[in-house]
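Encoded as C-alpha cells, the structure appears first; notes follow it.
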Amino acid sequence: MNISIIGSGYVGLVTGSCLAELGNNVLCVDKDDRKIEKLKKAEIPIYEPGLKELIARNIKNKKLLFSSSIKEAVKKSEIIFIAVGTPSLENGEVDLTDVEDVARNIALNMTEYRLIVEKSTVPVETGEWVKRTISAYIKQKIKFDVASNPEFLREGQAINDFMHPDRIIIGVESKKAKDILANLYKPLNAAILVTNIKSAELIKHASNAFLATKISFINAFSQICDKVGADVKEVAFGMGLDKRIGHSFLDAGAGYGGSCFPKDLDAFINISKKVGYDFRLLKAVKDINEEQKEFILKKIRDVLWMLKDKTIGVLGLAFKPDTDDMRNAPAVSIIKYLQKEGSRVRVYDPQAMEKAKIELMDAKFCDSPYEVCKGSDCLLIITEWNEFKELDFVKVKKMLKRPIIIDARNMYDPGILKKLGFQYMGVGRL
Ligand code: UDX
C-alpha cells in the first residue's frame, strides 16, 4: 500500500519504518526541513534500539522516503496517518494546533478518496473535528474517511510493540476504512478490535490511565510496606499471581515519567472535567506519583540527616531504561531538590547524559558508575539500567565515602548488599 505519515517524531518514525518493513511504500513527512535531510541519511534524532538500522534498511530498499511536503504525501498515498505532536498547554489541555493544520493541508490538496488516520494520542472527539475541518476546506466533492488507530508503543521496545501488538484498535465509520486498515495490519496476525472513532480514542486514554493507576497503587503500598516492615516486591508478586490482576506494571519505584503518562493523565483529567465528570481517582494517581519522589528524598534525609555539603552519587537519569528520554524523568525533580538543599550531585546514565545536561547543568557528569561513587556520601539508583545490575560492589564500596545504597527501583537483593557491608534501602522493603 502507499502510505504517508505526517509527523516524523517518535511515533511517526517507528510507525513509518515498521510499515515499510512490512512491504508498504511509506513517505514520512515533517515540516522541519533539516530533520528531513538528516533522516534521508538515516540520522535519527532519538535513541530507540533497532530503529536506525530499520530506517537505513528500508531507505536502501526504496520502501521508505522522506519529504517536507504534505502535498506530495496526499498525492502519493491512499492512507495518511497523522502523527504530529500534541503537547500539553499550561492548563493541562492538549494543544491540537498541529493536528488542525495538517487536516487543513490534507483537505486543500485532496483530489481523490483518502483515508486519514489519527495516530497521535488525542482527546476524544478529535476525529470529529478532523472530519469537520477536512469538509470545510476540501475544494471538490470528494469522499474521504477519518479513522482512529491509537499507538501503544513503549519507548525502548517500540519496534517489538509495533510488530507484536497485544491488540490493534481500529476506530472507523465505514466498511471501506475498516477493510483498508484491517488489510494493512493483516501481516501482523494480531487481534484487531473494530470500534467507533470515539471509543478508539477513549481506549488509548483509558489504557494509559489504568497503567498509571497500577503504578501509583503499588507505590502507595510501598509506603505502607516501609512503615510495617513488609516487602512490596513480595506483595506485588502475590497479587500478580491472580490472573485477573497480572504481574505487569506493579513495580514500585520513583514514580512514572516520560512523555506519555504524565501528559495523558493531565489531558484526561481535563477532558473529563470538560464533559462534566470530576475524575478524582486520576487526580489521586497523579498526587501519589508526585509524593513518591518526596518519599525517596525522605530516605536520603533519614540516612544523611543534613543534605547541605553532602555529595550524592546518582545512577540513572532517563525516565526508564533503554531510552535517552528525559521528559518528566523523576531524576530531574529529585536531583534539583538535592541541589536546592545544598548537596553536590554526581551523575551517570548510559544514554541520557547529553539530554540531561540541558536540565541538570550544575551536576557533575561522570564517565562511569564508579566515577559517580568517588567520594559520594551515598549512592542513589533512579533508573534500573541492566548495566547497573552487574556492578562490582567491592569496588563501589571502596569508592564511596560511606557504604550507603538507596535503591529507588528495587533492583538489588538487599541480603547480598547487606552481607557486603552496605546500608541498603529500597522502596517498600527493609
Ligand atoms: C507508555 C505506554 O506503556 C505505551 O503503551 C504508550 O503508548 C506510551 O506510554 P512509555 O512512556 O514508553 O509507554 O513507558 P512505560 O514502559 O509504559 O513506562 C512508563 C513509566 O512508568 C516509566 O517511568 C517507568 O519507569 C514507570 N513504571 C512502569 C513503573 O514505575 N513501574 C512499573 O511497574 C512500570
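The values are calculated or read from the model by the stated rules, or taken from the named source; none is laboratory data. Note that the coordinates shown come from a computational prediction; the quantities given were computed from them, not determined experimentally. All Cβ positions, even for glycine, are placed from backbone atoms using ideal geometry, and neighbour counts span all protein chains on display. Heads up: the accessible areas ignore ligands, DNA and RNA and are worked out on the full protein's heavy atoms, side chains in. Shrake-Rupley method; radii C 1.70, N 1.55, O 1.52, S 1.80 Å.
What does the charge dipole of the chain about its Cα centre add up to, to the nearest 20 debye, if the Cβ of each Lys and Arg holds +1 and the Cβ of each Asp and Glu holds -1?
280 debye
May I ask you to derive the relative contact order of the stretch 364-409, considering only C-alpha pairs under 8 Å and at least 6 residues apart, and to give it as an integer percent? Could you put the intermediate results ahead of the total?
Details: 51 pairs, mean separation 24.2, N = 46.
Once divided by the residue count of the stretch 364-409, the mean separation gives 53 percent.
More than 27 Å apart: what percent of Cα pairs in the chain qualify?
Percent of Cα pairs beyond 27 Å in the chain: 57.
Of 412, 370, which has the most accessible area with a 1.4 Å probe, and how do the rest follow in descending order?
Heavy-atom accessible area, descending, gives 370, 412.
Of 94, 109, 69, which is farthest along the charge dipole of the stretch 68-218 in the positive direction, counting Lys and Arg as +1 and Asp and Glu as -1 at C-beta?
After comparing all options, I get 109.
Would you calculate, for the chain, the mean residue ellipticity at 222 nm contributed by helices, counting each DSSP H stretch of 4 or more residues as -39,500 (n - 2.57) and dividing by all residues, to the nearest 500?
So the helix-based figure for the chain works out to -14000 deg cm²/dmol.
Kirkwood-based Rg over Rh for the stretch 1-115 (C-alpha set), two decimals?
We get a ratio of 0.98 for the stretch 1-115.
With a 1.4 Å probe and all protein chains in place, put 195, 323 in order of accessible area, largest first.
Descending order: 195, 323.
Rounded to a whole number of µm²/s, how large is the Stokes-Einstein D of the stretch 104-164 at 10 °C and 1.306 mPa s, given Rh as the Kirkwood radius over C-alpha pairs?
Taking Rh from Cα pairs, D becomes 121 µm²/s.
Using the basic label-point model (7 angstrom from Cα toward the beta carbon), what is the residue 390 to residue 2 distance in nanometres?
Result for the modelled spin labels: 4.9 nm.
Looking only at 68, 174, 148, which one moves most when the chain is put into a Gaussian network model with springs between Cα atoms under 10 Å?
174
Among 275, 256, 171, which residue has its Cα furthest toward the positive end of the charge dipole of the chain, with +1 on Lys/Arg Cβ and -1 on Asp/Glu Cβ?
Sorting the options by dipole projection puts first 171.
Please calculate the 1.4 Å probe accessible area of residue 59, with all protein chains present, and give it to the nearest 10 Å².
Around 50 Å² of this residue is reachable by solvent.
How much of the accessible area of the stretch 1-90, probe 1.4 Å, is carbon plus sulfur, in whole percent? If you can, show how the numbers build up before the last one.
Details: 2150 of 4130 Å².
C and S fraction of accessible area: 52 percent.
Which chymotrypsin sites (Phe, Trp or Tyr not before Pro) from the stretch 39-132 combine a DSSP loop assignment with at most 12 other Cβ atoms within 10 Å?
Sparse-neighbourhood loop chymotrypsin sites (Phe, Trp or Tyr not before Pro): 113.
Counting only protein heavy atoms, what percent of the accessible surface of the stretch 380-430 is carbon or sulfur at a 1.4 Å probe?
54 percent
For the stretch 263-407, just the Cα atoms, rotate onto the principal axes and tell me the three extents in Å, largest first.
Principal-axis extents of the Cα atoms in the stretch 263-407, largest first: 59, 32, 26 Å.
At 1.4 Å probe size, with the rest of the protein present, what percent of the exposed accessible area of the stretch 148-296 is carbon and sulfur atoms?
The C+S portion of the solvent-accessible surface of the stretch 148-296 is 57 percent.
Which of the residue pairs 35/355; 398/418; 308/357 have a Cα-Cα distance greater than 20 Å in the structure shown? Each step should come with its number before you reach the end.
On the way: 35/355 18 Å; 398/418 15 Å; 308/357 22 Å.
Distance filter (> 20 Å) returns 308/357.
Restricting attention to the stretch 277-330, which chymotrypsin sites (Phe, Trp or Tyr not before Pro) occupy a DSSP loop and are surrounded by at most 14 other Cβ atoms within 10 Å?
For chymotrypsin sites (Phe, Trp or Tyr not before Pro) across the stretch 277-330 that sit outside H, G, I, E and B with at most 14 neighbouring Cβ atoms in 10 Å, the list reads 277, 305.
What trypsin sites (Lys or Arg not before Pro) does the stretch 116-215 have in DSSP loop regions with at most 12 other beta carbons within 10 Å?
139, 141, 143, 167
Which distance in nm do the two modelled labels at residue 57 and residue 129 give, with both placed 7 Å along the Cα-to-Cβ direction?
Result: 3.8 nm between the two label points.
What does the stretch 58-162 give for Rg and for Dmax, in Å, if only its C-alpha atoms count?
Rg and Dmax of the stretch 58-162, Cα atoms, are 14.9, 45 Å.
If one computes the Cα centroid of the stretch 7-84 and of the stretch 198-258, what distance in Å separates the two points?
If you average the Cα positions of each part, the centres end up 35 Å apart.
Translational D (Stokes-Einstein, µm²/s) of the stretch 1-57 at 20 °C and 1.002 mPa s when Rh comes from the Kirkwood sum over C-alpha pairs?
D, rounded to a whole number, is 191 µm²/s.
Keeping all protein chains in place, calculate the accessible area per residue for the chain (probe 1.4 angstrom), answer in Å².
Spelled out: the 1.4 Å probe surface of the chain, per residue, equals 47 Å².
DSSP beta bridges in the chain, what fraction antiparallel, as a percent rounded to 5?
5 percent
Only Cα pairs under 8 Å and at least 6 apart count here; give the relative contact order of the chain as a rounded whole percent. Can you show the working numbers first?
Numbers: 832 pairs, mean separation 50.1, N = 430.
Once divided by the residue count of the chain, the mean separation gives 12 percent.
Tilt of helix 10-21 relative to the longest C-alpha principal axis of the chain, in degrees (0 to 90, nearest 10)?
60 degrees
So what's the stretch 285-338 giving for Rg/Rh, alpha carbon basis, Kirkwood Rh from the mean inverse pair distance?
Here Rg/Rh amounts to 0.99.
The stretch 379-430: Rg/Rh from Cα coordinates, Kirkwood Rh?
0.91
For the stretch 152-249, compute Rh as the Kirkwood radius over C-alpha pairs and then the Stokes-Einstein diffusion coefficient at 37 °C and 0.692 mPa s; write the answer in µm²/s, rounded to an integer.
The estimated diffusion coefficient comes to 204 µm²/s.
Using alpha carbons only, how many degrees (0 to 90, rounded to 10) separate the axis of helix 261-274 from the longest principal axis of the chain?
With rounding to tens, the tilt is 60 degrees.
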